[in-house]
Amino acid sequence: MSGTYLGMPAFPQAAHEAVNDATLRGNLRHATHTIRAKRARAVAELSDWAALREAGRRIKDHTLRHLDRYLVRLEEAVTAAGGTVHWAADAEEANRIVTDLVKATGETEVVKVKSMATQETGLNEALEAEGIRAYETDLAELIVQLGHDRPSHILVPAIHRNRSEIRDIFRREMSQWGRPAPDDLTDTPAELAEAARLHLREKFLRAKVGISGANFMVAETGTLVVVESEGNGRMCLTLPETLISVVGIEKIVPTWQDLEVFLQTLPRSSTAERMNPYTSTWTGTTDGDGPRTFHLVLLDNGRTDTLADDVGRQALRCIRCSACLNVCPVYERAGGHAYGSVYPGPIGAILSPQLRGTASAIDASLPYASSLCGACYEVCPVAIDIPEVLVHLRERVVEGGEAVRGGNRVLLKPAKGHAAERAAMRAARWAFTHPAALRTGQRLASRSRRLHPRTLPGPGRAWSATRDLPTVPAEPFRDWWQRTNGGKDDTK
């Protein structure tokens, strides 16, 4: 993934710093609660939401099981429609392909539709190293770029900024990138939007190369789909002479009928709209309509490794709606930057460690960036059981074991710093597989219950300061069951 995030501290340290930022917490709390409430109302309008959710899950699972077949069909359809397909095994290869394609046009600047895949690969930095300037055209991405910042949310990358901060960024930075902001710019939404519109308009009209991602790819026709709310995507997809789309291989759906399901669930789960204001579709090239040259770069970058994991592969169902972020109590307090990845929140906590591996401190810490409350699973429109995958990845971090990296099966070593947890889990496993020892331990715990402390010592004091420790019963369940004949003789 992008080198922007290398060297970041592990999640606990980054989150500790974030929760002490009162402004950040206020911005996040206001934004996530607002989006969450709107989404709940939009979803409640559909009586068949549960059925749509299940249909989305099944479509994604079917496609992932037959991904090789559908990708070949997609390549054939795109090629037949006049496009060119490139295959990128990793971020470096994807960046090299795109950079070479832009250089072949002779252009030194490009306009971009919001794309998490290109953020994942660090494309903007790769283009800049070759003397090519990439202009983000999504309003939130523009704010992040002008502020020399990083995205902190999947749907609203600048969610951590308030209006006053955005005004100051526009005043200070816009002139370095093109048309300056008005001298008397205020922080009213209408004026901020107008300043961005005027700043971007000249770039839309001048650019000869556009770069995009895609929300979906339809295998049967080779059609790509982008849904957005501002119209900047439509401008980038139609005005340039050359269009380059970088898309993760998991974004494919077999047919247009399958696409129909997601065009109902994605808008409601992301922007709480019945449908997106702009739904752009394109199939290859057409004389006199849109770009004359189209390139599709299919990105792996750890996705086939993830696909090899029976439990973890469900993360590839994700349609990037961000509903899980907006209900997550951990994200709300820590913000997106603490995750050290372009994919923050609950989905990032399971996707990033699979795409990048768990060798680094930040990736090894991400599966623990959750309370396992399950709210993320409840709102996911494709029913990704994020808590299940989190526990699965925690086991991998603590115990190591087999995994697929770079297409090869490897034996992962346990991560450092988990010796106590590893010892505790092994002790529990031994106890549960030796009933006599377990029974003896339970009886000792019951008979010494009056001596048990009410708070934990040492570091555990922070946990028990706001929680009651579970009370040990007067006798173990097994003893009660035998004494009362399964409850039949219990007179209490």
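The angle between the Cα long axis of helix 419-432 and the main principal axis of the chain comes to about 50°, on a 0 to 90 degree scale. Entry note, the chain: the mean residue ellipticity at 222 nm calculated from DSSP H runs of n ≥ 4, each adding -39500 (n - 2.57), is -15000 deg cm²/dmol after division by the residues and rounding to the nearest 500. When the surface is traced with a 1.4 Å probe over the full set of protein chains, Ser164 keeps roughly 50 Å² accessible. Against the chain, whose longest principal axis comes from its Cα atoms, helix 22-44 is set at around 90 degrees.
Ligands, DNA and RNA left out, the accessible area of the range 325-451 computed with a 1.4 Å probe is 57% carbon and sulfur. Here the relative contact order of the chain, from alpha carbon pairs under 8 Å that lie six or more residues apart, stands at 19 percent. Note on surface exposure: His148, His295, His392 rank His148, His392, His295 by accessible area, highest first, 1.4 Å probe.
Normalised Debye scattering of the range 208-323 at q = 0.12, 0.22 Å⁻¹ gives log10 I(q)/I(0) of -0.46, -1.33, counting only Cα atoms as equal scatterers and leaving out solvent. Measuring between their Cα centroids, the range 409-461 and the range 329-347 lie 30 Å from each other.
Taking all protein chains as they are arranged and a probe of 1.4 Å, the heavy atoms of Leu266 leave approximately 10 Å² accessible to solvent. Looking at the range 90-232 alone, DSSP beta bridges between its own residues are antiparallel in about 35 percent of cases. Rounded to two decimal places and with Rh computed the Kirkwood way over Cα pairs, what is Rg over Rh for the range 333-492? Computed over Cα atoms, the ratio is 1.07.
Taking a ≥ b ≥ c as the square roots of the eigenvalues of the Cα gyration tensor of the range 12-69, is the shape rounded (a/c under 1.5), prolate (a/b larger than b/c) or oblate? Oblate is the answer for the range 12-69, as a/c is 1.5 or above yet b/c matches or exceeds a/b. Each part reduced to its alpha carbon centroid, the range 72-140 and the range 195-226 end up 12 Å apart.
Looking at the square roots a ≥ b ≥ c of the eigenvalues of the Cα gyration tensor of the chain, which shape do they give, rounded for a/c under 1.5, prolate if a/b is larger than b/c, or oblate? Prolate is the answer for the chain, as a/c is 1.5 or above and a/b outweighs b/c. Could you run the Debye sum over the Cα atoms of the range 155-286, one equal point scatterer each and no solvent, and tell me log10 of I(q)/I(0) at q = 0.11, 0.13, 0.16, 0.18 Å⁻¹, two decimals? The Cα Debye sum returns log10 ratios of -0.51, -0.69, -0.95, -1.10. I need the Debye-formula profile for the range 447-492: one equal scatterer per C-alpha, no solvent, reported as log10 I(q)/I(0) at q = 0.14 1/Å, two decimals. Evaluating at q = 0.14 Å⁻¹ gives log10 I(q)/I(0) of -0.52. An oblate overall shape is assigned to the range 105-186, the ratio a/c of its alpha-carbon gyration tensor axes (a ≥ b ≥ c) being 1.5 or greater and a/b not exceeding b/c. Checking Cβ-Cβ separations below 4.7 Å across the chain identifies Cys236, Cys318, Cys321, Cys328, Cys373, Cys380 as cysteines lacking any candidate disulfide partner. Our summary gives the range 252-392 a relative contact order of 23 percent, counting only alpha carbon pairs under 8 angstrom and 6 or more residues apart.
For the set Lys114, Lys208, Lys203, the ranking by accessible area, highest first and with no ligand, DNA or RNA atoms included, is Lys208, Lys114, Lys203 under a 1.4 Å probe. Estimated at 0.36 nm per residue, the fully extended path between Arg171 and Arg461 surpasses their Cα-Cα distance by 99.6 nm.
So for Leu298, Leu24, what's the accessible-area order with a 1.4 Å probe, most first?
Correct descending sequence by accessible area is Leu24, Leu298.
The Cα trace of the range 267-354 gives Rg and Dmax of 17.1, 51 Å, the first to one decimal, the second as a whole number.
Can you check what the net charge comes to around Val225, using other residues whose Cβ is under 12 Å from the Cβ of Val225 (Lys, Arg +1; Asp, Glu -1)?
For residues surrounding Val225, the net value is -2.
For Thr283, neighbours were defined as the other residues whose beta-carbon sits under 12 Å from its Cβ, and their charges (Lys and Arg +1, Asp and Glu -1) total -2. Between the beta carbons of Asp289 and Glu17, assuming R0 = 41 Å, the FRET efficiency works out to 0.25 to the nearest 0.05. Each of Leu74, Ala129, Thr108 was placed along the dipole of the range 53-164 (beta-carbon charges, centred on the mean Cα), and the one lying farthest toward the positive end is Leu74. Full extension of the segment from His62 to Ala431, taken as 0.36 nm per residue of separation minus the current Cα-Cα distance, would add 128.8 nm. Taking only Cα atoms, what is the 0 to 90° angle, nearest 10, from helix 91-105's long axis to the longest principal axis of the chain? It works out to around 10 degrees. In whole percents, the pair-distance distribution calculated for the range 51-205 from its alpha-carbon pairs, binned every 5 Å from zero, is 1, 8, 14, 15, 16, 14, 11, 9, 7, 4, 1, 0.
First select every other residue whose beta carbon is under 13 angstrom from the beta carbon of Asp100; then total the charges, Lys and Arg +1, Asp and Glu -1.
-2
Extending 7 Å from the Cα toward the beta-carbon at both Thr281 and Arg447 defines two label points whose distance is 7.4 nm.
The values are calculated or read from the model by the stated rules, or taken from the named source; none is laboratory data. As the structure is a computational prediction, the values presented were derived from the model and not from experiment. All Cβ positions, even for glycine, are placed from backbone atoms using ideal geometry, and neighbour counts span all protein chains on display. Surface areas here come from the heavy atoms of the whole protein model, side chains and all, with no ligands, DNA or RNA. Shrake-Rupley method; radii C 1.70, N 1.55, O 1.52, S 1.80 Å.
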